[in-house]
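First comes the structure, then the notes that go with it.
The values are calculated or read from the model by the stated rules, or taken from the named source; none is laboratory data. Remember, it's a predicted structure, so these values are computed and weren't measured experimentally. Every residue, glycine as well, gets a Cβ built from its backbone with ideal geometry; the counts of neighbours run over all protein chains shown. Side chains are part of the model used for accessible areas, which takes the heavy atoms of the whole protein and leaves out ligands, DNA and RNA. Shrake-Rupley method; radii C 1.70, N 1.55, O 1.52, S 1.80 Å.
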Amino acid sequence: MNVYDSDVLAQTLIALGFSPVDRPELANLILLNTCVVRAKAEQKAFSFLGRIAKLKRRNPALRVGVVGCLAQREGKGLFSRFPFVDVVAGPRELERIAEWLTREDASPQRMAATSLTPAPPLPTIHPGYFTSRVAGFISIMQGCNNFCSYCVVPYVRGREISRPPEQILSEASDLLAQGVREITLLGQNVNSYRWHENKSWDFAGLLHRVSQLKGLSRLRFTTSHPKDLSDRLIQCFSEIDNLCPHIHLPFQAGSDRILKMMHRGYTRQHYLTLTNKLRKTVPRIAITADVMVGFPSETEADFRLTLDLIERIRFDSLFSFIYSDREGTQAARLENKIDENTKGSRLRRLQALQNRITLEKNKQLEGKSAWILVEGASKKGELSGRTPTNKVVNFIGDSRLIGKIVKVMVKKGLPHSLWAERVE
Ligand code: SAH
Ligand code: SF4
């Protein structure tokens with residue numbers, strides 16, 4: 001989502017006559033796009049701001065903006081904490097940056113834009129911006145209404161709004177016209193995409209329409225919420241040829257008691273039923289998820305239920321996180337917090353288990369062929385791409401293959417990728 005937002009901003013700046021530089025030292029405008037979903041993301045933003053402070057001392061003409069979720073949460077407060085910051089804009093006010101940059105007066109006043117009500121910005125695809133990119137993102141909705149008890153997203157990204165389907169289709173066509181071959185539709189919970197003007201659209205309807213666009217080789221989406229994963233959406237995997245057989249379906253925890261405290265709206269049994277249905281519909285589907293350890297009051301028994309679910313489902317890979325308190329959320333007010341050592345050791349145990357499963361799954365692919373969309377060159381003479389199931393594959397090849405779909409034979413399953421050879 002933030003990569004998408006940063007692209008929108010970059011295109012806005014290019015349209016205003018700015019051009020990108022390779023290093024922050026060379027810039028006369030720096031916009032820092034930020035995330036506050038976990039404490040670690042927030043710390044990274046603050047430490048980068050520290051770096052910018054030094055740059056500002058060396059170059060007083062440097063203008064600095066903080067955008068995204070940290071900007072939303074801190075608002076004007078950032079000006080007193082970081083006096084060199086000139087502009088602050090939340091995720092729903094990114095388009096105000098252009099307004100601020102084009103103000104008439106020579107030294108524009110500081111601006112803090114943190115309203116959560118405006119409609120999502122219009123597509124701003126700048127001609128040529130995506131040329132030479134193989135994969136692109138499109139945000140199909142903003143915000144979230146779920147209020148999972150641990151999560152700050154609904155507070156900093158506001159209520160859920162779906163974008164009009166015409167806007168999404170036109171943005172997709174623009175990407176395809178610039179040579180993009182794979183599109184990932186983005187939202188905090190794409191399953192609840194809804195549009196009611198002129199004709200009723202749900203997410204499955206949108207997927208069908210986008211999939212028919214000429215030139216689209218691969219279609220993906222993320223993230224799906226288990227409580228809203230409908231049979232109709234599951235069917236899309238067998239009905240839509242260019243929809244990749246991969247679903248990212250965060251489960252967060254394997255214990256019903258914890259899931260309930262998280263307000264996730266499903267049980268572990270429901271999650272198991274969903275993954276069984278998905279595999280019945282598309283046996284080769286890859287399933288990945290987010291999971292966290294150390295939610296307040298999580299016992300060793302709760303944690304073992306998480307490990308047990310991981311063993312039962314055998315995910316292709318997992319993003320795993322240590323729970324951190326987010327100010328203003330319900331979970332932050334709970335008692336019985338888990339100490340850092342326990343959280344750390346649970347994360348290590350979980351990751352050791354998943355690493356073993358991922359490696360086993362990758363090894364099972366040895367000797368099998370796969371179709372790769374080549375995205376770029378990783379090292380000298382090495383190309384990199386992904387399988388339809390979203391596994392990273394590296395192989396030796398000519399860089400003219402970038403942007404093409406090629407057949408490879410998997411030679412080696414590695415912990416985080418596959419090594420392959422091209423099959424002519
Ligand atoms: N909308 C998506 C998730 C967005 S946030 C969904 O519901 O699946 C991305 C991930 O960050 C979450 O899935 C969760 O695993 C993690 N996360 C969110 N809040 C967190 C917190 N307070 N501490 C640790 N991890 C958190
Ligand atoms: Fe956060 Fe839950 Fe919304 Fe995902 S669904 S963004 S975890 S509140």
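A few remarks follow.
- Top-ranked residue of the range 210-225 - restricted to ones that are crowded, with 17+ Cβ neighbours inside 10 Å and among the aliphatic types (A, V, I, L, M), ranked as farthest from ligand 1 (Cβ to nearest atom): 216
- Flag if residue 46 is farther than 28 Å from residue 133 by Cα, aromatic (Phe, Trp, Tyr) and open to solvent by less than 30 Å² (accessible area, probe 1.4 Å): no
- When residue 315 is tested against the conditions (1) farther than 12 Å from residue 250 by Cα; (2) open to solvent by less than 10 Å² (accessible area, probe 1.4 Å), the lone failure is (1).
- Looking across the range 376-388, the residues that are surrounded by fewer than 19 Cβ atoms within 10 Å (Cβ to Cβ) and touching a residue at least 24 places away in the same chain (Cβ under 8 Å) come down to 376, 377.
- Selection within the range 31-50 - touching a residue at least 60 places away in the same chain (Cβ under 8 Å) and part of a helix (DSSP H, G or I): 39, 40
- Only a single item in (1) in a helix (DSSP H, G or I); (2) open to solvent by 30 Å² or more (accessible area, probe 1.4 Å) is not met by residue 53, and it is number (2).
- Scanning the range 149-163 for residues that are in a loop (DSSP other than H, G, I, E, B) and open to solvent by 40 Å² or more (accessible area, probe 1.4 Å), we see that the one that is farthest from residue 383 (Cα to Cα) is 159.
- Helices (runs of 4 or more DSSP H) wholly inside the range 226-301 that include at least 1 residues being open to solvent by less than 30 Å² (accessible area, probe 1.4 Å) and of a type in the set (S, T, N, Q): 268-281
- Scan the range 315-332 for residues that are away from ligand 2 (no atom under 16 Å from the Cβ) and either among the small types (Gly, Ala, Ser) or more than 22 Å from the chain's Cα centre (by Cα) (or both) and the total you get is 1.
- Unmet requirement for residue 170, which otherwise passes all of (1) open to solvent by 10 Å² or more (accessible area, probe 1.4 Å); (2) touching a Pro at 6+ places or on another chain (Cβ under 9 Å); (3) touching a residue at least 12 places away in the same chain (Cβ under 8 Å); (4) part of a loop (DSSP other than H, G, I, E, B): (4)
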